[in-house]
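Q: Let me begin by handing over the structure; questions about it come next.
The values are calculated or read from the model by the stated rules, or taken from the named source; none is laboratory data. Remember, it's a predicted structure, so these values are computed and weren't measured experimentally. Cβ placement follows ideal geometry from the backbone for every residue including glycine, while neighbour counts extend to all protein chains displayed. Calculation scope for accessible area: heavy atoms of the full protein, side chains included, ligands and nucleic acids excluded. Shrake-Rupley method; radii C 1.70, N 1.55, O 1.52, S 1.80 Å.
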Amino acid sequence: MRRSSQKGTVLITLIIAILLIGVLGVGIYSLTTSSTFMGLLSNNNDQAYQLAQSGIRYKIKNLSDTSAIGDFLMPDNDHKFNISYNDTTKIITSIGIVNVGKFSEARRVILYDVSAYWKTPDTDPYGNIAFGPGTTPITIGNPDAIEVDSDGTIHLGGNAGDASGAIWYQGSSSAGNCNSGSCAFNYGLRAYFDFTSAEDNSSGSTTRGDGFTLTVLSAINNTRDRSGGAPPGISIGELMGYAGPGNTATVTIGPGEGLRPPKMAVEFDTFPNPDGDVCSSASRNDNNGGGGSSFRNHIAVLFWGAALTGSCGTYPKVSYDDNRHESGSGDVSPTPVNSYSGYAGGGYYEGTKSSAASNCLSAPGTTCNWMEDNHAYSVRVEIIRNSSGASGLYQLKAWIYRDTQLPAALTQYRDITTPYSSSAPHVTRMITLSASDHAALRQIFFGFTEATGSATQNVRISNLKFFFPQSTTCLSTISPLSQAVAASGATGQTVTVASGTGCAWTAMSNNAWITIAGGAGGTGPGTVSYNVAANTGLARTGTMTIAGQNFTVSQAAAPPPTCTLSDSPHIVPYNGATTLTWTITDGPADGTWSLSPSGTCGNFTASNGGSCTTGNQTTPGTRTYTLTVSSDTGSNTCSTTFYVGCQGYRVWNETGNRWDFRVTGATCQTSRNDGFEITNGSPQLNVGETVNRYTTAGGGCSSAVQGDISYTDAMNADISATGGNGNCCVNYNAGDTAGDRANCW
């Protein structure tokens, strides 16, 4: 901001800009307000408050500028803010004034404590924490595994194998909030940093490893000279310097307990570890671990798992489960569970390896693994700490964005002086700690841990800043935390949000089959309604993120598909075909024929119903086809039976009289007596043919036709579907009808 004199004019555009800019710095602050309402309209008071905020933000940005005090006027001289600063008490006083000197004057006063605002060497010129001069990283293995530049940039890994360690903040504050790195946790913290990692385009993300953590741990139970990780001479990069005995393997500072609980961390895991480490047969439980194209790197919330007993060589096992996913027993002390994929309490997020969004920075078009593409990733972490009686309620949130997909509210995202609510966190966990664990976290150390095994890494952390709020700002809870839904789905389900007045929150579905129907966001208490689509497959679990917390929906599996199968026509002449039609309930389903009907009928996939035409049928009598329909949820069968006529029929005269007969295309059979076979010495009655009866006997079939029966008439009389015996022999009865014949002789 520029001002022309102590009573000078401030450009309105710069004032507006300051209203939009977050505090560019880090502080442990105390914020109190008092107001004198001189005006008659509430909007005057609001404007005065905004002006006072502008003064605070401007002074913090220019804290070392001794001229950044006094009156700062708007061009109309009716609006201004006044800044004063006491360098001894570290208190900024900002007064916003609207309608200066008039009857409707409104004033707002804000006092801001920057006593713990970290200055050089603890911060760079932009207010970021610099783990720089005077900070000695704790490392096991290669001492260059953790390095700090003069500008505060941290390098983790250093392309060194089998190295691990930790780096902790060690500054002090005049207000006593931090003393040699031990800080009062009070109501939690907010952190922001950017990081890049060396590229890894292997299919299983195994070229680089193993990752790092942002860690908060008890300063009551630990000293600042402790680190985790594998002991000397053992390669266990998956411990990430957070688990394992590290430099406490000897009894002098251990024995072998590493970083003692209570502690919590956000893990940035870039290497698949599906198996147990050398000191534990239990799986590390990295989702999709073991490499392959399905492997995805992840971030996750960690606590301290479940301690192992016994020893690993000469080292106790007590700390080896500290970062094994799924180790622990729930969301409460004494052993809160480390988040894992699918955990109902949340806290686990996988990135996607995508050629469209994750190209290697040095070689566009080459696909790199998520977090390992040399792109800058922006991370924000919030820990909200609240006392509930003697115990403590903790909510952890973390966001991570690649530089190609940064959130729209970027200024707010990077401003850690205020809570962030413009997008749902990628991971969130809420836990309750016992009174003893809660008390042990009243003072904390915070920093980073990292480790490598045989695969090396080089991670660069920059723009690092931490902020300790003075209140439990907008700690929301939801009820219930989960819901079981039938396979048929559900509509109008609700979740209640309990939140403080004025606290903004959002609701977002993380699965396409769960949709927000109402209450996608709100301020203060509210309700979210949602619908769940019908399930056509196996049992599934999905989540919504509501007010920063995971809400879990568990849906039952769909029932196995069932089917019906029909035929038309039901009676088929020899060498004819029929149409088979099927319907499927609880589909779609795949279908297979136990005996192929040939024709257009083949096995199929993902069908809800259909039809086909069989091949020509050349086996007289009963014909049955069976269809099996199956999906992930099971299978069922359905069948249909139809009837196939004979290739040809023998026909007997059973009219009671003598007649001349002729089968289509054959010679005349003259004077066939009653009871004699018409087709004796003549072709049988075949498909499409008829037997004609003539007026006179012995006339050579030259008189008029008196009647006939067709192949179809004969087939329908003989076939078992209509009560026949299927012996391919029929009678020509009086009245020119066909009838079944018991014997063929």
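Q: Mind listing the phi-derived Karplus ³J(HN,Hα) values for the range 711-717, rounded to whole Hz, using 6.51, -1.76 and 1.60 with θ = phi - 60°, and x for any glycine or proline?
A: With the stated coefficients, the range 711-717 comes to 4, 5, 4, 5, 4, 5, 6 Hz.
Q: From zero up to wherever the largest Cα-Cα distance of the range 688-745 sits, split into 5 Å bins and tell me the percent of pairs in each.
A: Spelled out bin by bin, the range 688-745 gives 4, 21, 24, 20, 15, 10, 5, 1 percent.
Q: On the principal axes of its Cα set, how long, how wide and how thick is the range 571-685? Give whole Å, largest value first.
A: If we take the Cα atoms of the range 571-685, the spans are 69, 24, 17 Å.
Q: D for the range 370-430, whole µm²/s, Stokes-Einstein with Kirkwood Rh over alpha-carbon pairs at 4 °C and 1.567 mPa s: what number? Could the numbers behind the result be given before it?
A: Numbers: Rh = 13.0 Å.
The Stokes-Einstein estimate is 99 µm²/s.
Q: Would you work out which of Gly700, Gln443, Thr633 lies farthest towards the positive end of the dipole of the chain? Charges go on Cβ: Lys and Arg +1, Asp and Glu -1.
A: Of the listed residues, the answer is Gln443.
Q: Moving to a separate point now. Take the solvent-accessible surface of the protein heavy atoms, probe 1.4 Å, and return the percent of it on the chain that carbon and sulfur atoms account for. Show your work: numbers first, answer last.
A: On the way: 14390 of 29090 Å².
For the chain, the apolar C and S fraction of the accessible surface comes to 49 percent.
Q: When the helices in the chain are scored as -39500 (n - 2.57) per DSSP H run of 4 or longer and the sum is shared across all residues, what 222 nm value do you end up with, to the nearest 500 deg cm²/dmol?
A: It lands at -2000 deg cm²/dmol.
Q: Sticking with this structure for a sec: Using every Cα-Cα pair within the range 502-565, state what percent have a distance larger than 16 Å.
A: 52
Q: Per residue, how much accessible area does the range 608-745 have with a 1.4 Å probe, in Å²?
A: 43
Q: Related question: Give, to the nearest whole percent, the P(r) tail of the range 509-631 beyond 22 angstrom, counting all Cα pairs.
A: 54
Q: If packing is taken as the average count of other Cβ atoms within 10 Å, what order do 535-543, 392-400, 215-223, 445-453 fall into, highest mean first?
A: For the peptides 535-543, 392-400, 215-223, 445-453, the packing ranking is 445-453, 392-400, 215-223, 535-543.
Q: Show me, for the range 437-451, the HN-Hα J-couplings you get by feeding each phi into the Karplus relation (A = 6.51, B = -1.76, C = 1.60, θ = phi - 60°), rounded to Hz, glycine and proline as x.
A: Result, rounded to whole Hz: 5, 4, 5, 5, 9, 5, 10, 10, 9, 9, x, 10, 10, 7, 7.
Q: Let me ask something additional. Report the gain in length on full extension from Ala697 to Thr624: 0.36 nm times residue separation, minus Cα-Cα distance, nm rounded to one decimal.
A: Gain in length upon complete extension: 21.8 nm.
Q: While we're here: Report, by chain and number, residues whose modeled amide H sits under 5 Å from the one on Gln493, excluding near sequence neighbours (fewer than 5 apart, same chain).
A: Tyr530
Q: For the chain, what size does the Cα cloud have along each of its three principal axes, sorted from largest down, in whole Å?
A: 140, 77, 52 Å, listed from the longest principal axis down.
Q: Here's a follow-up. Each residue of the range 369-374 in turn: what ³J(HN,Hα) in whole Hz from Karplus with 6.51, -1.76, 1.60 and θ = phi - 60°, glycine and Pro shown as x?
A: 6, 4, 6, 10, 10, 6
Q: In the range 429-457, whose amide N lies under 20 Å from the spot 7 Å out along Cα-to-Cβ of Ser482? List them in ranges.
A: Taking a point 7 Å out along Cα→Cβ of Ser482, the residues of the range 429-457 whose backbone N falls under 20 Å are 429-433.
Q: Further question: For q = 0.15, 0.19, 0.25 Å⁻¹, what log10 I(q)/I(0) does the range 638-679 give under the Debye formula with an equal point scatterer on each alpha carbon and no solvent?
A: The Cα Debye sum returns log10 ratios of -0.47, -0.61, -0.86.
Q: Just check the range 388-479 against the gyration tensor rule for me: Cα atoms, a ≥ b ≥ c as the square roots of the eigenvalues, rounded for a/c under 1.5, and otherwise prolate or oblate depending on whether a/b exceeds b/c.
A: oblate
Q: Counting only pairs 8 or more residues apart or on different chains, how many lysine pairs in the chain have their Cα atoms under 19 Å apart?
A: 17
Q: Another question, then. For the range 309-461, how big is the tail of P(r) above 23 Å, as a whole percent of Cα pairs?
A: It works out to 54 percent of all Cα pairs.
Q: Can you order the peptides 486-498, 556-568, 258-270 by their average number of other Cβ atoms within 10 Å per residue, highest first?
A: The peptides rank, most packed first, as 258-270, 556-568, 486-498.
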